[in-house]
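Please read the structure below before turning to the comments.
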């Protein structure tokens, strides 16, 4: 790993040693929020301790459009005895196992990385209006995978046009084709991919098989926090790609 010339930091999760920012094009699991990371990380070489760059510097208190009613407080989740009750990120529906933001009043929980998802963005399939990250009480259909956007699940949507895309479907490469008038436009892929590439690394979109004939697949959070899409496994990549506009044609 190549060190980045910034001052080392002290972190409450690793008080015995300072952490230095490194850049290495390898995968790791953040010892803070316990989710995936690639590339830059704060690292303690003595202890093989890694933190996402954001988890190493994120504030103790945060105001976010994801939960505009109250300020969110940074909390570190540790097991109590031999048993740890399920706690689920309200945005990606994946389990929370370490560092997270919490509103105790509303019992709203969110991974630090999920707070980095942009509130609005544009997509090549809907260039007329910006899409907004929303949690809706209505069930809709994702325009890319044709699967259900279940009630209360977060998705990028244009409410004016009733246009919805699952967060993880934002990573699907759309195809460019010409109409019979010779006008270029983007369309969803005819076959939903099982995986996507980020640098040389391959990631799965979900933990189950897709129906390749109709591209349909369920997107839902169950009572105990299991989710067919497992967004949390790739949330770092979603944030990285979406925020740097690598695939959205921005």
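Table for the structure above
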item	result
When residues of segment 1-26 are limited to those that are in contact with a strand residue (DSSP E or B) (Cβ under 6 Å, 6 or more places away or on another chain) and part of a loop (DSSP other than H, G, I, E, B), the one modelled with the lowest pLDDT	1
Count of segment 45-90 residues which are at pLDDT below 95 and over 17 Å from residue 100 (Cα atoms)	8
2 or more residues in the same structural domain as residue 92 (by TED's automatic domain parsing) and touching a strand residue (DSSP E or B) at 6+ places or on another chain (Cβ under 7 Å): qualifying strands (runs of 3 or more DSSP E) within segment 133-194	none
Failed condition for residue 29, given (1) more than 17 Å from residue 4 (Cβ to Cβ); (2) modelled with pLDDT of 95 or more	(2)
Residues of segment 45-69 classified as assigned to a strand (DSSP E or B) and crowded, with 19+ Cβ neighbours inside 10 Å, total	4
When residues of segment 104-118 are limited to those that are out of contact with any helix residue (DSSP H, G or I) (no Cβ under 8 Å at 6 or more places or on another chain) and surrounded by 18 or more Cβ atoms within 10 Å (Cβ to Cβ), the one nearest to residue 63 (Cα to Cα)	115
Residue satisfying condition, being without any contact (Cβ under 8 Å) to a residue 40 or more places away in the chain and either touching a helix residue (DSSP H, G or I) at 6+ places or on another chain (Cβ under 9 Å) or crowded, with 21+ Cβ neighbours inside 10 Å (or both), within set 160, 121, 171, 131	131
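The values are calculated or read from the model by the stated rules, or taken from the named source; none is laboratory data. Only a predicted model underlies this, so the values are computations on that prediction, with no experimental measurement involved. Every residue, glycine among them, receives a Cβ derived from its backbone with ideal geometry; neighbour counts consider all protein chains shown.
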